[in-house]
Each structure stands twice: as C-alpha cells, then as structure tokens.
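Worksheet: the structure to be examined is printed underneath.
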Amino acid sequence: MKVIEALIKSLRSAAQYNASAQVAPAAILWTDKEREWLPVMTQLQSALPELFCLGSFKPERRQGPAIWLKCVLADALPEVSLPTGLIPIIYLPGVIRQDLRAISACPADLQPLAELQYRGALLSQVNTND
C-alpha cells in the first residue's frame, strides 16, 4: 500500500461512527500545526473530493477562510457541492487542537469552525518532539 493510500484510508476511517448510538460527524477537522501535509494537498484533494482546506480564498482549489468553509458545510453555496455520502474533511494547516478548544480564546479567523469540535471529529498530527 502506498503512503497516500494509507493516508486516505486513515482520513476516511476518522469519519466512522456507530449509527445506532451517534449522529454522523458534521466534518473531520484535520489539524496540522507544522503544515507537513500542505505540499501534497493538491494530490490528496484529487483523490478525496470531500477534502477542503483552510487558507486564502481559492474556491477552485476547495480552499478558503473559516467562514467560507462553514458555508460549504452548511451547503449554503450553490457553486460548491459536497459529495453525497462522504463526511467533509477540513484540513487546518498551522492549527493545533488547542487553538479550537476555548472558543472565547480561539483566534477570530478560526472561530467559525470552533464549534465543529463538538459536532465533528478531530484528527490531529502527533509530534513526539513537542
């Protein structure tokens, strides 16, 4: 199995839930403080139509600021459609889980996504050097 195939499997498995006891997560929040996966984001997005990225506004690349991503998740943008049957994955380069924890202390540019920590699932990078 190639690294990208293993990563895709890992990302999609983060969306698994017990339908008898839970509702589907609204999104998978993928934090990546060191931006380690940013160089391969285009390749990943080609394989994962449900993958969106926090960043400057580039809707053709499924990338935008937090408020745009929140609108995408709400299916409020006619020009963007979420793939049916797949949980959206939101890649957050330069963000750590703690940035989202205390909503009142959360950076203003991330606040629209902070509540998703309760309605979604968090997938974070683990760095043993921290």
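The values are calculated or read from the model by the stated rules, or taken from the named source; none is laboratory data. Just so we're clear, the structure is a prediction, and the values are computed from it rather than from any experiment. With ideal geometry, Cβ positions are generated from the backbone for all residues, glycine too; neighbour counts draw on all protein chains shown. Please note that ligands, DNA and RNA were not included when accessible areas were found on the heavy atoms of the full protein model with its side chains. Shrake-Rupley method; radii C 1.70, N 1.55, O 1.52, S 1.80 Å.
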Exercise. Once a ≥ b ≥ c are taken as the square roots of the eigenvalues of the Cα gyration tensor of the range 12-89, is the result rounded (a/c under 1.5), prolate (a/b larger than b/c) or oblate (a/b not larger than b/c)?
Worked result: oblate
Problem set entry | Whole-percent carbon and sulfur share, accessible surface of the chain, 1.4 Å | 53
Problem set entry | Accessible area per residue in Å² at 1.4 Å probe, computed on the chain | 58
Exercise. Roughly what % of DSSP beta bridges within the chain run antiparallel, to the nearest 5?
Worked result: 5
Problem set entry | Peptide ranges 1-9, 23-31, 51-59, 98-106 listed from the most packed, as the mean C-beta count within 10 angstrom indicates | 23-31, 51-59, 98-106, 1-9
Exercise. Given the rule -39500 (n - 2.57) for each run of at least 4 DSSP H residues, summed and divided by the residues of the chain, what is its mean residue ellipticity at 222 nm, to the nearest 500 deg cm²/dmol?
Worked result: -7000 deg cm²/dmol
Exercise. About its Cα centre, what dipole magnitude does the chain give when the only charges are +1 on Lys and Arg Cβ and -1 on Asp and Glu Cβ, stated in debye to the nearest 20?
Worked result: 140
